[in-house]
Amino acid sequence: MRIFTASAIIAALSLGTPAFVQAQGAALSESEAQKPPAQSSTVIRSIQVVDVKDLQPAVRSKVDEIVAQTSDEEMQALRKVIDASPEVAAALKAKGLNSSHVVAINFADGVLTLFAKTA
């Protein structure tokens, strides 16, 4: 399973922003339009920042493989979304890092894990 994809990044980093899904051509009645939207299923409950050098060798090699498959455009998009997400940027800052240190992410069970390289 690939940890890093542009669509997953945007969905995961939306931080639970309400999902606005509407079928093409479907119209909402006035009462439906006034209901609050349902919460997205991608709510982030916690954020972990992990230094790649602290990973077990097998996991580190998987992260390195994913990083090698990631285009510069995908990496720039990831970092732009991180910078636009105050909670995620704050988690990095608390570790003395910023979005330029992040090389991959994983989102599972409400936990966003940011993999960072410091050296």
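The residues on offer are THR42, THR70, THR17, and the sole one that is at pLDDT below 50 and within 26 Å of SER100 (Cβ to Cβ) is THR17. Looking across region 55-69 at every residue that is among the polar types (S, T, N, Q) and under 19 Å from ALA119 (Cβ atoms), the one that is most open to solvent (accessible area, probe 1.4 Å) is identified as GLN56. Among the residues of region 90-103, how many are small (Gly, Ala, Ser) and touching an Asp or Glu at 6+ places or on another chain (Cβ under 9 Å)? Here the count works out to 1.
This table checks each residue for (1) part of a helix (DSSP H, G or I); (2) open to solvent by 60 Å² or more (accessible area, probe 1.4 Å); (3) at pLDDT below 95; (4) touching a Pro at 6+ places or on another chain (Cβ under 8 Å).
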position: ARG2; (1), (2), (3), (4): no, yes, yes, no
position: ILE9; (1), (2), (3), (4): yes, no, yes, no
position: ALA26; (1), (2), (3), (4): no, no, yes, no
position: LEU97; (1), (2), (3), (4): no, no, no, no
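Of all residue pairs spaced 6 or more apart or on separate chains, those with beta-carbon atoms under 7 Å, a first member in region 105-119 that is touching a residue at least 24 places away in the same chain (Cβ under 8 Å) and a second member that is exposed (fewer than 12 other Cβ atoms within 10 Å of the Cβ) and not in a strand (DSSP E or B) are GLY110/ARG45; VAL111/ARG45.
The values are calculated or read from the model by the stated rules, or taken from the named source; none is laboratory data. This one's a predicted model, so the numbers in the text were calculated from it and none came from an experiment. We place every Cβ from the backbone using ideal geometry, glycine too, and count neighbours over all the protein chains shown. The area values use the complete protein model at the heavy-atom level, side chains included, leaving out ligands, DNA and RNA. Shrake-Rupley method; radii C 1.70, N 1.55, O 1.52, S 1.80 Å.
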